[in-house]
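Some notes on the structure that comes next.
Values in this text are rule-based calculations from the coordinates and carry no lab data. Predicted model, so just to flag it, every value in this text is computed and none were measured. Every residue, glycine as well, gets a Cβ built from its backbone with ideal geometry; the counts of neighbours run over all protein chains shown.
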Amino acid sequence: MTGLLDGKIALVTGAGHGIGRGHALELARHGATVIVNDLGTTLTGEGTSKVADEVVRIIEDRGGKAVSDFADIGDDEQVELAVERAYSQLGRLDIIVNNAGIVRDKAIWNMTVDDFDLVMRVHVRGSWLTSRAVARKWRAAAKAGDGKIYGRIINTTSGAGLHGNFGQTNYSAAKSAIVGLTQTLSLELASIGATANVISPGGRTRMSASMPGAAAPIEPGELGDEEFDPKDPSLSSPVVAWLASPEAGHISGQVIRALGENLQLLKGWHPVATVSSGQKRWNAENLGAIMATDMFGTRNTGLRLGG
């Protein structure tokens, strides 16, 4: 392999299993030194383990460089310390891959406030805290230098965040919020030369395996580097490595979906129909016919959105 990421320092959160593990292995494969962050919790966010050490061992056995990190990415002080350690021990931090996540699936009438808050804490707050910590470092470096730095943030969404999913009002809201976070980061970081993008991966992971009737997860590293399985959770990892590389410096604020053999560039909300009031206030009593004919394209004025 060519050293696409030679000399780069990358932090991957939630890198102990599944998609995050695939990202960590792929980044190391291309020459990056990888900080493998994972608390080692259960899928629902309980307990801890040293699973990050296992990923570090795999990387080192393959001739790469990696270190473990056990910071809680939802904790402000721990995230700041993790970024400080990267700078003090490794010299800098070039790449952030925010992948950590948990699920607490329930229909909204059964979901507790804690179920909602904890999922948002890990996915959204965690992605925001790591991004803020490194953005502060990058901005200070840019101001002290020639105004430009090397910086890559790659955040993670999912089909649930893009399209919704029953029983996941917390998870879907979090994954949708991450898209908005990333697009704003791309605007704020543009002046210093850093990029922010979103990957929407798939595969047989601990998370997907929690669904009724789902198959067991595949852990990246179990398959050979050249083997292809459409459910391999590391299939999106080469895209992450490319987005993290110098070749992708012109790409920012984008959402790329990677499912099996296919890559898709996704675009968000955009107008598909426009009607005008002619500079008058809308009259709710008249909107039914306008919506049916000019907005939704049907003459059935009793049509309800989603009905």
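Table for the structure above
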read-out	value
Modelled label reach - T48, point 7 Å along Cα→Cβ, region 77-92 residues with backbone N closer than 13 Å	78-79
Euclidean distance of C-alpha centroids, region 101-172 and region 229-282, integer Å	17
Candidate lysines - alpha carbon under 18 Å from K50, same-chain residues fewer than 8 apart omitted	K65
Radius 9 Å from Cβ of R104, net charge of other residues (Lys, Arg +1; Asp, Glu -1)	-2
Correct choice for percent of Cα pairs over 25 Å apart that was computed from the model, options (i) 45; (ii) 64; (iii) 51	(iii)
Loop-located GluC sites (Glu not before Pro) in region 10-55 whose Cβ has at most 10 other Cβ within 10 Å (DSSP)	E46
Unit charges at the beta carbon, dipole of the chain: most positive-side option, I290, G202, S252	I290
Helix 126-144 axis, angle to the chain major axis (alpha carbon atoms, nearest 10°)	70
Those residues of region 154-186 whose amide nitrogen sits under 19 Å from the label point placed on T112, 7 Å along Cα→Cβ	167-171
Of V51, V275, V124, the one that fluctuates the most in a GNM where the chain has Cα springs shorter than 10 Å	V275
Rounded to the nearest 20 debye, dipole of the chain from Cβ charges on Lys, Arg, Asp, Glu	1120
Dipole of region 9-266, positive direction: furthest Cα of H23, L187, N99, with charges on the beta-carbon	L187
Amide N of region 110-154 lying under 14 Å from the label point, which is placed 7 angstrom from the Cα of E84 along Cα→Cβ	133-134, 137
The chain: most fluctuating residue of V255, V103, V272 per GNM, C-alpha cutoff 10 Å	V272
